[in-house]
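Starting off with a structure, shown below.
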Amino acid sequence: MPTLALDLTHYCRPCLRRLISQTRSFTTTPTRRSNGPLPVFRPTPSPTLDALLSTFRTNIFLPSHLIRLQQDLLYKKVNHALLTSDEPATVRLGDEVLQLLPLDKRRDEPPTRSSFAKVVQLMGETGDWGNMAGFLEGLKVAKRKLAGWQVEKMVRRANEGGKQGAMHEILRRVEKTGVGLWDIGVCREVMRGAILKGVQSKWSEEGIQRGVRYAENIWELMWDPRHTEEQKKLGMDPRGRPEIVGVMVLMHAIKALKLTGGKDEGGSLDKYAEVMLMRWENSRGEMVIDEQDWSDVNYKLSIWAPVWHGMKLARQVVGAGSPLGKRLEEKLNQDLEPLIQKSQAILSAHAPEEGMRRGLKMYDDILQASS
């Protein structure tokens, strides 16, 4: 029997059941077109990752694209016989025709938190992040929300694997992925990607140039209305945080000293240093460390080591005796030098030898930029 193309939107359920029982096989185009087609995942080096992405696509993303009547067919046991007859029941989404199969929410839907962590882990291990944007889009349509710390970890793993480009694409497609530049923790991790461009290249000329370009691209995105509207709603503005602007200072200071003969070409370094100093008070509370919590110390050092070193290098470019150089020195002596010295001592004494010492590693990696 050929497959019939039917619009089932306006049928009541008894009528729908009679209709399906008569035709056995059907195709329907849902009216919820705004969700677009299902994300398509390309094969990866990991069979486990492929299987997990496929499960999400079939059991979570597909139902979220269907109208209520079609969802009732999937989830309500009384209707399952209609989907297990000899002729398959199908639905058209865009150019794709997909079979509808019975689903049990408790049995067939993987948990969001642990599954997302597994996806991030496997993408980090394989270095294949090309499917992440589509995965996030599917989660957003399915109303599967992620906590800020989950997104932070995703960005961190991608940056460590040199996949900052994949993160930029996710941020560029913010209206679909739901990942934007409004959570300060996420913004810190994203901006750290610019530093890692230099670190991963051993601070080569190309790595520095790429790091500066990446930082500028992210800074520009922070002014995109798609990001700023959410910033306003949440009362957060990462552009006003000195630890965010401080990365811009660091990258432009390194560029000036290593690539342009110590000259601040275009005045970018001067501009970002002024913005950072004007916003200094916005993060003063973040400069206080809990000496009894080495994990907090570790995190604070990873945040402020780039700012500390960027300010020191910026003073070399603008001149220690210049008005700007003197203001930078004041903040260094008053706030950052004590924090950096105390943090180093605490971590060296108490942090485990292996792992969980990101602050010290960031500090060491940045110092290499001056060598």
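Considering only residues that are part of a helix (DSSP H, G or I) and either among the basic types (K, R) or not assigned by TED's automatic domain parsing to the domain that holds A215 (or both), look in the stretch 266-297 and name the one that is nearest to E243 (Cα to Cα). Break it down into steps so the answer makes sense when it comes.
Residues of the stretch 266-297 part of a helix (DSSP H, G or I): 266-278, 280-287, 294-297.
So of that shortlist, the ones also either among the basic types (K, R) or not assigned by TED's automatic domain parsing to the domain that holds A215 (or both) come out as 271, 284.
Values: K271: 15, R284: 10 Å.
Here the answer is R284.
Then there's this: If you scan the stretch 174-198, which residues turn out to be more than 16 Å from P238 (Cβ to Cβ) and not assigned by TED's automatic domain parsing to the domain that holds W223?
Of everything in the stretch 174-198, those that are more than 16 Å from P238 (Cβ to Cβ) and not assigned by TED's automatic domain parsing to the domain that holds W223 turn out to be E175, K176, T177, G178.
Out of the residues in the stretch 209-232 that are among the basic types (K, R) and without any contact (Cβ under 8 Å) to a residue 40 or more places away in the chain, state the one that is surrounded by the fewest Cβ atoms within 10 Å (Cβ to Cβ).
K232
Starting from the stretch 66-83, keep only residues that are in the same structural domain as Q99 (by TED's automatic domain parsing) and modelled with pLDDT of 80 or more, then list their pairs with residues that are surrounded by fewer than 14 Cβ atoms within 10 Å (Cβ to Cβ) and outside any helix (DSSP H, G or I) whose Cβ atoms are within a distance under 8 Å, requiring at least 6 positions of separation or different chains.
Matching pairs, first to second residue: I67/T31; Y75/D104.
Go through (1) farther than 30 Å from Q368 by Cβ; (2) modelled with pLDDT of 95 or more; (3) not in a helix (DSSP H, G or I) for L181 and report which single condition fails.
(1)
Restricting the stretch 276-306 to residues that are hydrophobic (A, V, I, L, M, F, W, C) and within 25 Å of the chain's Cα centre (by Cα), which is surrounded by the most Cβ atoms within 10 Å (Cβ to Cβ)? Break it down stepwise before answering.
Kept after step one, since they are hydrophobic (A, V, I, L, M, F, W, C), are these residues of the stretch 276-306: 276-278, 280, 287-289, 294, 297, 301, 303-305.
Among the residues that remain, those that are also within 25 Å of the chain's Cα centre (by Cα) are: 276, 287, 297, 301, 303-305.
On the way: M276: 26, M287: 19, V297: 24, L301: 25, I303: 25, W304: 25, A305: 28.
Step by step, filter the stretch 276-306, then rank; the result is A305.
Check R106, R92 and return the single one that is over 30 Å from A147 (Cα atoms) and either modelled with pLDDT of 80 or more or not assigned by TED's automatic domain parsing to the domain that holds A51 (or both).
None of the other options fit; the residue is R92.
Can you confirm whether G185 is free of Cβ contacts under 8 Å to residues at least 60 places away in the same chain and within 11 Å of the chain's Cα centre (by Cα)?
yes
Same structure, new question: Return the residues of the stretch 304-331 that are hydrophobic (A, V, I, L, M, F, W, C) and either within 14 Å of M276 (Cα to Cα) or free of Cβ contacts under 8 Å to residues at least 40 places away in the same chain (or both); say none if nothing qualifies.
If the condition is that a residue be hydrophobic (A, V, I, L, M, F, W, C) and either within 14 Å of M276 (Cα to Cα) or free of Cβ contacts under 8 Å to residues at least 40 places away in the same chain (or both), then W304, V307, W308, M311, A314, A320, L324, L328 are the ones that fit.
So which residues in the stretch 331-352 are of a type outside the set (D, E, K, R) and touching a helix residue (DSSP H, G or I) at 6+ places or on another chain (Cβ under 8 Å), if there are any at all? Break it down into steps so the answer makes sense when it comes.
To start, the set of residues in the stretch 331-352 that are of a type outside the set (D, E, K, R) comprises 332-334, 336, 338-341, 343-352.
Residues satisfying the conditions are L332, L336, L339, I340, S343, Q344, I346, L347, S348, H350, A351.
The values are calculated or read from the model by the stated rules, or taken from the named source; none is laboratory data. Just so it is clear, the structure is predicted and the values come from calculations on it, not from any experiment. Cβ coordinates were reconstructed from backbone atoms using ideal geometry, including for glycine residues, and neighbour counts include every protein chain displayed.
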